Amino acid sequence: MIPVYNHARTLAGVVRKTLAVIPRVLVVDDGSTDAGAAVLSGFDVPVLRHPENRGKGAAILTAARRARDMGMTHMITLDADGQHDPSDIPSFLDAIQKDPESIFVGNRRIFPAGAPFLSRFGKHFSNFWFRVQTGRKTKDTQCGFRAYPLFLFEALSLTQRRYAFEVEVLVKAAWAGIPLKDLDISVFYPSKKERVSHFRPIMDNLRISLLNTRLTFRSFIPWPHRQILKPEDPRLRITPLHPIRSLRILLKQNLTPGKAALSSAMGVFLGTLPAIGFHTLSILAASGYFRLNRLAALAAGQLCMPPFVPALCIEAGYYLRHGRFLTEISMETLGYQGWERLLEWGIGSLVVAPILSSVIGGVTYFVALAIMGRFHEK
């Protein structure tokens with residue numbers, strides 16, 4: 001599938017090279033004004049046309065509907081500007097045969113010398129946010145050379161229709177349990193004078209930024225995402241209010257004792273720090289980035305709520321500063337001297353956080369092992 005918008009200069013060459021590799025090619029003209037689709041008059045290629053420009057995501061969805069009507073199960077997308085080499089298509093076909101339920105994303109492993117700086121920067125920037133939002137590492141979330149199983153377009157709720165679509169579909173697919181895998185591809189960047197790009201730096205970056213903000217906030221909410229490949233059991237309810245029961249449920253699914261311990265330790269460590277008002281966000285962001293369990297981290301972080309752990313940190317910090325413990329607890333010491341107490345909280349947390357997180361992580365690990373032992377007995 002090749003989405004097209006004012007690519008009259010490059011389209012015929014891309015289609016010719018693609019037909020030499022695979023006989024079924026579908027072009028979606030997304031409201032071009034340069035009569036670009038006319039260059040395909042001599043090709044045996046169906047062309048679908050939008051009366052106006054709707055965006056790359058809309059073109060991909062239009063092609064997906066037609067492909068399903070044709071009885072197809074998968075769709076490979078590549079750009080019409082000539083940056084992608086159709087000779088890489090057999091790698092995608094082989095990967096689909098081996099793993100038909102995965103999305104395969106091209107990885108522009110080596111950027112040529114003429115590659116735009118924004119393309120190189122955008123790749124790493126988008127990869128970072130993808131890992132924060134999903135906990136997964138993918139090498140090139142912005143590459144448009146991909147292979148999709150068509151069932152996901154019916155199962156996912158996708159709101160974006162322009163360039164941001166390609167970010168949204170990967171994030172929501174990852175949330176839904178669909179495997180994402182990388183395939184190394186070659187890439188060609190013509191000179192700036194010959195380059196055909198319709199990416200609008202202000203509007204498209206704004207859309208992507210707003211989408212990343214929304215996806216990041218959703219990833220912070222510790223509510224399970226609906227799984228496409230593995231139906232959810234409605235009887236399984238995970239809640240921090242019942243840590244042992246929740247831990248038992250998570251261990252039955254995909255949480256290991258080691259990851260449970262690391263998640264709990266990280267939640268306690270960050271919860272101990274004097275990041276007033278930002279504990280939850282920091283725990284969720286860190287657990288997402290390091291692929292730890294958000295629920296386990298949040299539940300453990302609740303152990304650090306005032307007054308016990310902050311008071312312990314303040315006492316430790318006071319002792320480190322003055323060589324004696326703080327024995328007077330009053331409005332004067334905790335109220336008017338609040339800034340000084342905050343400083344002591346920070347100093348004390350550097351001692352308390354590693355110790356307390358190690359203890360909680362160790363307890364969680366052994367409790368999880370005991371629960372796993374019962375599973376094996378059953």
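The values are calculated or read from the model by the stated rules, or taken from the named source; none is laboratory data. Everything numeric here is computed off the predicted structure, so don't read it as measured data. Ideal geometry is used to build each Cβ from the backbone, glycine not excepted, and the neighbour counts take in all protein chains shown.
Return the only residue of 265, 311 being in a helix (DSSP H, G or I), modelled with pLDDT of 80 or more, outside the structural domain of residue 215 (by TED's automatic domain parsing) and buried (at least 22 other Cβ atoms within 10 Å of the Cβ).
Selected residue: 265, the only one of 265, 311 that is in a helix (DSSP H, G or I), modelled with pLDDT of 80 or more, outside the structural domain of residue 215 (by TED's automatic domain parsing) and buried (at least 22 other Cβ atoms within 10 Å of the Cβ).
With the requirement that a residue be crowded, with 22+ Cβ neighbours inside 10 Å and polar (S, T, N, Q), what does segment 78-105 give you?
83
Anything in segment 166-188 that is outside any helix (DSSP H, G or I), touching a Lys or Arg at 6+ places or on another chain (Cβ under 7 Å) and within 15 Å of residue 140 (Cα to Cα)? List them, or say none.
180, 182, 184, 185, 187
What's the total number of residues in segment 62-72 that are closer than 25 Å to residue 91 by Cβ and either of a type in the set (S, T, N, Q) or surrounded by fewer than 19 Cβ atoms within 10 Å (Cβ to Cβ) (or both)?
5
Among the residues of segment 71-93, what is the count of those that are farther than 14 Å from residue 24 by Cβ and polar (S, T, N, Q)?
Count: 3.
Please find, within segment 23-43, the residue that is nearest to residue 60 (Cα to Cα) out of those that are of a type in the set (A, V, I, L, M, F, W, C) and either modelled with pLDDT of 95 or more or part of a helix (DSSP H, G or I) (or both).
28
Give the residue, chosen from 334, 295, 303, that is in the same structural domain as residue 259 (by TED's automatic domain parsing), surrounded by 21 or more Cβ atoms within 10 Å (Cβ to Cβ) and either in contact with a Lys or Arg (Cβ under 6 Å, 6 or more places away or on another chain) or modelled with pLDDT under 85 (or both).
Exactly one of 334, 295, 303 is in the same structural domain as residue 259 (by TED's automatic domain parsing), surrounded by 21 or more Cβ atoms within 10 Å (Cβ to Cβ) and either in contact with a Lys or Arg (Cβ under 6 Å, 6 or more places away or on another chain) or modelled with pLDDT under 85 (or both), namely 295.
Are any residues in segment 13-29 out of contact with any Pro (no Cβ under 6 Å at 6 or more places or on another chain) and more than 18 Å from residue 88 (Cα to Cα), and if so, which ones?
27, 29 - these are the residues of segment 13-29 that are out of contact with any Pro (no Cβ under 6 Å at 6 or more places or on another chain) and more than 18 Å from residue 88 (Cα to Cα).
Go through segment 120-165 and give me each residue that's in contact with a strand residue (DSSP E or B) (Cβ under 8 Å, 6 or more places away or on another chain) and either free of Cβ contacts under 8 Å to residues at least 12 places away in the same chain or part of a helix (DSSP H, G or I) (or both).
The answer is 123, 152.
What residue, among those in segment 38-53 that are surrounded by 13 or more Cβ atoms within 10 Å (Cβ to Cβ) and of a type outside the set (A, V, I, L, M, F, W, C), is nearest to the chain's Cα centre (by Cα)?
Looking at the filtered set, the residue picked out is 53.
As an exercise: evaluate residue 256 against (1) under 21 Å from residue 353 (Cα atoms); (2) modelled with pLDDT of 80 or more and give the number of the one condition it does not meet.
It fails just one condition, (1).
If you check every pair at least six apart or on different chains, which have Cβ atoms under 9 Å apart with a residue in segment 70-93 that is at positive phi and not assigned by TED's automatic domain parsing to the domain that holds residue 23 first and a residue that is modelled with pLDDT under 95 and surrounded by 15 or more Cβ atoms within 10 Å (Cβ to Cβ) second?
none
Considering only residues that are among the charged types (D, E, K, R) and surrounded by fewer than 20 Cβ atoms within 10 Å (Cβ to Cβ), look in segment 108-145 and name the one that is modelled with the highest pLDDT.
Ranking the candidates gives 139 first.
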